[in-house]
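Report on one structure; see the data block that follows.
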Amino acid sequence: MEEVITGYLFYEIAAILVIAAAVGFAGLLARQPLIVSFIAVGILLGPSALDIARSDRHIDLLAELGIALLLFLVGLKLDLKLVRTLGPVALTTGLGQVAFTSAIGFLIGLGLGLDATTSFYVAVALTFSSTIIIVKLLSDKREIDALHGRVALGFLIVQDLVVVIAMIALSAAGIGAAQEGGTSFADIALVFASGAALLGAVALFVLFLANPLVERLARAPELLVCFAIGWAALLAAVSHYLGFGKELGGLLAGVSLASTPFREAIAARLASLRDFLLLFFFVALGASLDLALLGDNLWPAIVLAVFVLVGNPLIVLAIMGAMGYRKRTGFLAGLTVAQISEFSLIFIAVGVGLGHVADSALGLVTLVGLITISLSTYMITYSHQLYALCEPLLGVFERRRPFREEAAEAAHDAAPPADAVVFGLGRFGGQIARGLEDAGHRVLGVDFNPESVRYWSRAGLTARYGDASDPELIAHLPLAGARWVVSAVPEHETGLTHMDPRLALMTALREAGYRGRIALTAHREEEAERLSAAGADLVLMPFRDAADQAVDLLTGTAAAPPPVRSMPEPAGQREFAE
């Protein structure tokens, strides 16, 4: 009997994945984010259509893992140092948008006939924008480093902080609901003691264990991924056991690793797994929706969607205009909040689970999400054309002198990006980076070995941890002013992919819009020919080039080299050197 059930479950999961891939491809052709396609998959697989998704218990388990991992990645972005350095623009715009959207959304909810509790939940859900979708769209348009892109990322971090507060509040509400009618002083004291113990344990981990542990694990990337997933699941389970909910535990797990230098590498490696597991959350969500229920919510959903699509951008535009930004910057940044996010659905789903709101509220917010995410994708994609149409009407949102934008542009111009980016800080790559620095160039070094990154950072070189074959990392590097990208990564050093990392790097650079020159390292003639044919502008051959220079020195046809810097070799450098 168990074999039959297992076999049926396998068939069901296989059908879900195949249909999700097909619908996702159709959504891709329509330039829609996967979240829209996945919700459509859930509706298609649910009882209102094909009725394939029947294993609720197993799908819900994968959905819970996906939510925990999503919140883990949110926490991973909340480096306390970064939070402390958030500028007044990000804080004012982010908190102002949250406050105004919540207040106006609450009033609209009451006007639509919703009760006060449901109106409150819906209003809060309308404040969250999808970081995943916005970063993807801005990266595709090469606008992630533009002024409006940087401002948008700033207030998205503020929204993430609001997510943390909202989840903590829901956890507290869940405890209160569980203890309703029997709450005593001892119960309250136990809740506070449990919460303090959990926070204390996480604080001790951050202070004494996080950096050395993650640094050791980073030497084996697969183990680092396994640890990150296990850590998120562990804290989610502990938090749930203490009554705070799995969501809070996932957030704390991410925050505990946010101050480590490997958070971006962890986030990049878990992004695909997060998307895969979230598929099951959206499948479960879509399968639970009654199409008739969605039809009943159509008019309220349209009203709320219009508010999100038009009202949210106007709120951001008004705040940024008052703070001294041009109307164009405010308009482009405002378009990034013209949709609700996956957190909106999770927030309402938790409220349904606590019994605070009815299932109809989840259907309403889901319909708002489908409308706003679908339309805002085109609004952001064609943002400049949309601005050209609306520009004559936007003068009221711009001060006579946009002083803050002028200051931001001056500051950004004063800190130009790197002239050269060097991947692989072994003996050869490290000396190239040092030589370029000595020649007066601004150099950014990237290496897969955390010890090399620490060593060269101490030596005064700007260095960061990362994988040359990771397209997510490449998309976020300061490539705008770089004239050269140099790869000194050997062929056998593969990370996220088993293909030649030099070819993967070239592909990622071109996809990221890099238009400078690329230099790659080879050790054999056939390698050099293959890399040149693939589009490399220059192929360096360390042994042959060194031999040619040595011959020139021995025959007196070359100038004497500069004195060699005497620097101790970092521990672990030998096995990573070329």
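The values are calculated or read from the model by the stated rules, or taken from the named source; none is laboratory data. Treat the numbers as computed from the prediction; the structure is a model and nothing was measured. Backbone-built Cβ (ideal geometry, glycine too); neighbour counts: all protein chains shown.
Laid out as a table, the results:
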{"item": "Residue check, Val316 in a helix (DSSP H, G or I), within 22 Å of the chain's Cα centre (by Cα) and farther than 29 Å from Ile59 by Cβ", "result": "yes"}
{"item": "Residues (in a loop (DSSP other than H, G, I, E, B) and buried (at least 16 other Cβ atoms within 10 Å of the Cβ)) located in region 514-542", "result": "Tyr514, Gly516, Ala522, Ala536, Met541"}
{"item": "Given (1) under 17 Å from Ala116 (Cα atoms); (2) exposed (fewer than 15 other Cβ atoms within 10 Å of the Cβ), number of the condition Val396 does not satisfy", "result": "(1)"}
{"item": "Leu473 part of a helix (DSSP H, G or I), closer than 22 Å to Gly430 by Cα and at pLDDT 75 or above", "result": "no"}
{"item": "Residue selected from region 253-265 under the condition modelled with pLDDT of 85 or more and more than 21 Å from Phe347 (Cα to Cα), by the criterion surrounded by the most Cβ atoms within 10 Å (Cβ to Cβ)", "result": "Leu257"}
{"item": "Set Gly250, Gly243: member being surrounded by 22 or more Cβ atoms within 10 Å (Cβ to Cβ), among the small types (Gly, Ala, Ser) and in contact with a helix residue (DSSP H, G or I) (Cβ under 7 Å, 6 or more places away or on another chain)", "result": "Gly250"}
{"item": "Filter result (at pLDDT below 85 and among the charged types (D, E, K, R)) within region 482-509", "result": "Glu491, Glu493, Asp500, Arg502"}
{"item": "Top-ranked residue of region 541-566 - restricted to ones that are of a type in the set (Val, Ile, Thr) and at pLDDT below 75, ranked as farthest from Asp438 (Cα to Cα)", "result": "Thr557"}
{"item": "The lone exception for Phe205 - which of (1) within 19 Å of Tyr241 (Cβ to Cβ); (2) modelled with pLDDT under 80 it fails", "result": "(2)"}
{"item": "Selection status of Val41, under 30 Å from Gly245 (Cβ atoms) and either hydrophobic (A, V, I, L, M, F, W, C) or modelled with pLDDT of 85 or more (or both)", "result": "yes"}
{"item": "Subset of region 346-396 [farther than 30 Å from Ile168 by Cα, aliphatic (A, V, I, L, M) and within 28 Å of the chain's Cα centre (by Cα)]", "result": "Leu375, Met379, Ile380, Leu386"}
{"item": "Any helices (runs of 4 or more DSSP H) falling wholly within region 340-441 and containing at least 1 residues that are aliphatic (A, V, I, L, M), modelled with pLDDT of 80 or more and within 27 Å of Gly105 (Cβ to Cβ)", "result": "342-353, 359-381, 383-390"}
{"item": "In region 330-346, residue surrounded by the most Cβ atoms within 10 Å (Cβ to Cβ) [restricted to those that are more than 16 Å from Ile39 (Cα to Cα) and out of contact with any His (no Cβ under 7 Å at 6 or more places or on another chain)]", "result": "Val337"}
{"item": "When residues of region 347-390 are limited to those that are of a type in the set (Val, Ile, Thr) and more than 21 Å from Ala166 (Cβ to Cβ), the one surrounded by the fewest Cβ atoms within 10 Å (Cβ to Cβ)", "result": "Thr381"}
{"item": "Matching residues, region 86-108, being within 13 Å of Phe120 (Cα to Cα) and among the small types (Gly, Ala, Ser)", "result": "Ala99, Ser102, Ala103, Gly105"}
{"item": "Residue satisfying condition, being over 24 Å from the mean Cα position of the chain (by Cα), in contact (Cβ under 8 Å) with a residue 12 or more places away in the chain and under 25 Å from Glu64 (Cβ atoms), within set Val238, Val202", "result": "Val238"}
{"item": "Answer from Leu394, Leu317, Leu354, Leu364 - the residue that is closer than 24 Å to Val36 by Cα and in contact (Cβ under 8 Å) with a residue 24 or more places away in the chain", "result": "Leu364"}
